[in-house]
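The values are calculated or read from the model by the stated rules, or taken from the named source; none is laboratory data. Remember, it's a predicted structure, so these values are computed and weren't measured experimentally. Virtual Cβ from ideal backbone geometry, glycine too; neighbours counted across all protein chains shown.
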């Protein structure tokens, strides 16, 4: 018998949840409800507050995404203009704990870089091409139907009047993002025991897109990481290759160190960081947009796994937990959660008792890894709200610093760090014997005070610096 599922929100988490259902339960009708109008092209939208800033799709997230579609998503993204970056040797990264990372020839995890608008569009196209059982409707969800024991649908305000105000469903998945009202919805049916924690470093992101300077197309992703160890506000910047022969330049600053919106001060901010390479790269580049600023960056976790969650309701993605986007793990966690849903649906029915609880348990394991990474660093910044530095936090931060120092100049340490960061390995990878030894013995090579550029990259940087001087 055909069943009906409702997915609230057509962002990455919602698209992947719909893909999971259509792959594992192909006879199920899936209605994707999205407040924003969606068009047949990549575009920024209001419902994705961080959409105009840097996004990284980690290897673990891409692998999970690949498992949900009959097409090769990596090839589709690259064909659409996305870039693939090798963490071991395809980027320049300055760590406050260890100087510049050495670049290694060995293979390791890759990540995908592009605009969030392109990623959403490619995934949405792949979903619509792979099934006719998923339809997208513009509608705003106002509440849940059912009881504290079982959800039976949603109450909506459709924009076009096609759908009924009360929409019955056999299963409801909430992927409505950072602004999800699921606590209010659940409270209205009698569930009030959901614990919520918020840790906010006050991070502000400022982003501007530039045309990639001619001849600089091969220049690697460049990152100046924020310093959580000196008791000062964190300040960072990144040059990210994106589609259309463009660079996305994102600056970030925690409370007291926020980047500016003014274009001239935006450049000065980059030049004033512990290394000026980001400013050097863009000082003569052609800007294509104004500076866009966003402050929706707090870590928020809702502990649904500890509550009396009703049957046939499942929170996913940012509706379950949000992370400081500086750590680039939110989309990958959503993809891994969607894969867990597909795996469970291969074993049982959509309406099987306990399905929500079983999928949530697996999703929470990925959430916990990303949460520990984000919160473990954010609590170290001054004036962070909601984050008290515990003894365990100090131990974790201390070991993270040792691992980072080892990873900067040790291939074993680097491999472990990149695998955990990419969500292709669990955090236990960081306590394996070789990694522990690297952390205990410290850096194997001298700390690099300058980025490890190849001769051709050094030539590109020098040419851009000269072009900037000539403009003055």
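Listed by position, the helices (runs of 4 or more DSSP H) inside segment 1-111 whose residues that are surrounded by 24 or more Cβ atoms within 10 Å (Cβ to Cβ) and under 18 Å from the mean Cα position of the chain (by Cα) number at least 3 are 12-24, 59-66.
Among the residues of segment 316-335, are any farther than 27 Å from residue 378 by Cα and free of Cβ contacts under 8 Å to residues at least 60 places away in the same chain? No: zero hits. Of the residues 244, 231, the single one that is at positive phi, surrounded by fewer than 24 Cβ atoms within 10 Å (Cβ to Cβ), modelled with pLDDT under 95 and more than 18 Å from the chain's Cα centre (by Cα) is 231.
Within segment 386-397, identify whether any single residue is more than 25 Å from residue 57 (Cα to Cα), modelled with pLDDT under 85 and surrounded by 19 or more Cβ atoms within 10 Å (Cβ to Cβ), and answer yes or no. The answer is yes; a qualifying residue exists.
When you scan segment 164-181, do you find a residue that is closer than 17 Å to residue 317 by Cβ, surrounded by fewer than 21 Cβ atoms within 10 Å (Cβ to Cβ) and over 18 Å from the mean Cα position of the chain (by Cα), even just one? For segment 164-181, residues closer than 17 Å to residue 317 by Cβ, surrounded by fewer than 21 Cβ atoms within 10 Å (Cβ to Cβ) and over 18 Å from the mean Cα position of the chain (by Cα): present.
Of all residues assigned to segment 188-203, none qualifies as being outside the structural domain of residue 48 (by TED's automatic domain parsing) and without any contact (Cβ under 8 Å) to a residue 24 or more places away in the chain.
If you go through segment 263-288, how many residues are in contact with a helix residue (DSSP H, G or I) (Cβ under 9 Å, 6 or more places away or on another chain) and part of a loop (DSSP other than H, G, I, E, B)? Number satisfying all stated conditions: 6.
Taking segment 239-258, which residues are more than 23 Å from residue 111 (Cα to Cα) and in a loop (DSSP other than H, G, I, E, B)?
Answer for segment 239-258, where residues must be more than 23 Å from residue 111 (Cα to Cα) and in a loop (DSSP other than H, G, I, E, B): 254, 255, 256, 257, 258.
Remark: residue 127 matches the filter, which requires a residue to be part of a helix (DSSP H, G or I), buried (at least 22 other Cβ atoms within 10 Å of the Cβ) and outside the structural domain of residue 243 (by TED's automatic domain parsing). Close contacts from segment 461-472, counting a first residue that is under 18 Å from residue 211 (Cβ atoms) and a second that is part of a helix (DSSP H, G or I) and modelled with pLDDT of 90 or more, with Cβ to Cβ under 8 Å and a gap of 6+ residues or different chains, come to 461/277; 461/280; 461/281; 464/280; 464/281; 465/280; 468/280. Is there a residue in segment 439-456 that is assigned to a helix (DSSP H, G or I), closer than 25 Å to residue 92 by Cα and at pLDDT 90 or above? Yes, the conditions are met somewhere in segment 439-456.
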